[in-house]
Amino acid sequence: MSSTSGMLSGMRDLTVAIVGATGAVGQEMLLALEERAFPVATVKALASARSAGAQLPYNGPGSIDGSVTIEELTHDSFASVDIALFSAGGGISKEFAPSAVAAGAVVIDNSSAFRMDEDVPLIVPEVNAADALAHRGIIANPNCSTIPLVVALNAMRTVAPLKRVVVSTYQAASGAGQAAMDELYHQTADFLADRPLHPKEFAHRIAFNCIPHIDVFLDDGSTKEEWKMVVETQKILHEPGLTVNATCVRVPVLRCHAESVNVEFSAPFELSAIRAALESAPGIVMMDDPSEKLYPMPAFLTGTDDTFIGRLRIDTSAPHALSFWNVSDQLRKGAAVNAVQIAEVLVHADSAEGARS
């Protein structure tokens, strides 16, 4: 692999490692490789020593009897690995990604460890796929709430330039991991049975509650999750001057993040042109018919890979403004599927280069 060209070495089936394979996103990565028929010959499922030897379901190429055996993650795990999909937290990424790159792998990292590094591309394939080819061994997967937002904004800015974005998120418990999902399950049962509640994964009880607190608070009163949405949106869209304000809220939903978004443009637009741009954009499904009570809802979109948009309407409180609502499965498009799509960008670029040579 050439770290400057972005290409993979040769046109052949690949070895893919998944770091953090036992986690919710890691298992979705395995499923995405299988569903999308990714050209993988060998899959290495890497996790902590306590999980080594266990089996994970996987029916894609390289599986044995419909499963893959978990191996312990070490610095020597990446020999002959072409692509390493990381989803085990920033600390693990910081420690092990350099070893993967040194062994010749391209790292696609789902943590926040490298996202704002100047020499690390931050990629949403529908928006800035070409940036991925300028990597130096590591490519970052954006925050799970940033991804659906920029997919929508990128389509809209083909009609009129963006000026200001205000977004409020409604983020599912699974965005905080499997233990957080379990806490929502158990707290809901305990609440209904009038048993004491003991929050562990969240700052407060999550059952029948909304918590306007995701990640740590910063000196300006915002949270790190909100900061991520601002700076990542600017980086992905190549619009450092774009004004973005975010409020991020955890809600008692198992899967699929939702967002209420207000966009101001710097020029007039026709709502019909915005709608047409969204309808024709890759990765977007319009679900917008108020007369039929049709709009995206998390409960019905688990397991999907698109950004679903509804409630598109003019905002009369500001010049050249509109509002919309979107929903996306943050374990899929918000994490695992986006990472596999980035890997597909590399494979397709390699195939195109091979065809020319």
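For the stretch 309-322, the set of residues classified as open to solvent by 20 Å² or more (accessible area, probe 1.4 Å) and in a strand (DSSP E or B) consists of ARG311, ARG313, ILE314, listed by residue number.
Just for the stretch 189-211: of the residues that are under 26 Å from the mean Cα position of the chain (by Cα) and surrounded by 15 or more Cβ atoms within 10 Å (Cβ to Cβ), which one is nearest to MET229 (Cα to Cα)? Restricting to residues being under 26 Å from the mean Cα position of the chain (by Cα) and surrounded by 15 or more Cβ atoms within 10 Å (Cβ to Cβ), the top hit is ILE211. Of the residues making up the stretch 267-279, those that are under 27 Å from the mean Cα position of the chain (by Cα) and over 13 Å from THR307 (Cα atoms) are ILE274, ARG275, ALA276, ALA277. Taken over the stretch 132-154, the criterion of being open to solvent by 10 Å² or more (accessible area, probe 1.4 Å) and either farther than 30 Å from SER99 by Cα or within 10 Å of the chain's Cα centre (by Cα) (or both) is satisfied by CYS144, ASN154. Report whether or not ASP215 is acidic (Asp, Glu) and out of contact with any Asp or Glu (no Cβ under 8 Å at 6 or more places or on another chain). No. Counting just the residues of the stretch 107-119 that are open to solvent by 10 Å² or more (accessible area, probe 1.4 Å) and charged (D, E, K, R), which one comes out nearest to GLY175 (Cα to Cα)? Per the criteria, the residue is ARG115. Just wondering, is there one or more residues in the stretch 227-238 that are outside any loop (DSSP other than H, G, I, E, B), at pLDDT 95 or above, open to solvent by 70 Å² or more (accessible area, probe 1.4 Å) and not β-branched (Val, Ile, Thr)? Yes.
Looking across GLY62, GLY104, GLY91, GLY53, one residue alone is surrounded by fewer than 13 Cβ atoms within 10 Å (Cβ to Cβ), more than 23 Å from the chain's Cα centre (by Cα) and not β-branched (Val, Ile, Thr). It is GLY53.
Remark: ASP350 falls outside the filter, which requires a residue to be touching a Cys at 6+ places or on another chain (Cβ under 7 Å), open to solvent by less than 40 Å² (accessible area, probe 1.4 Å) and either touching a residue at least 60 places away in the same chain (Cβ under 8 Å) or among the basic types (Lys, Arg) (or both).
The values are calculated or read from the model by the stated rules, or taken from the named source; none is laboratory data. Keep in mind it's a predicted model, so treat the numbers as computed, not measured. Backbone-built Cβ (ideal geometry, glycine too); neighbour counts: all protein chains shown. Protein only, heavy atoms only, side chains kept; ligands, DNA and RNA dropped before computing areas. Shrake-Rupley method; radii C 1.70, N 1.55, O 1.52, S 1.80 Å.
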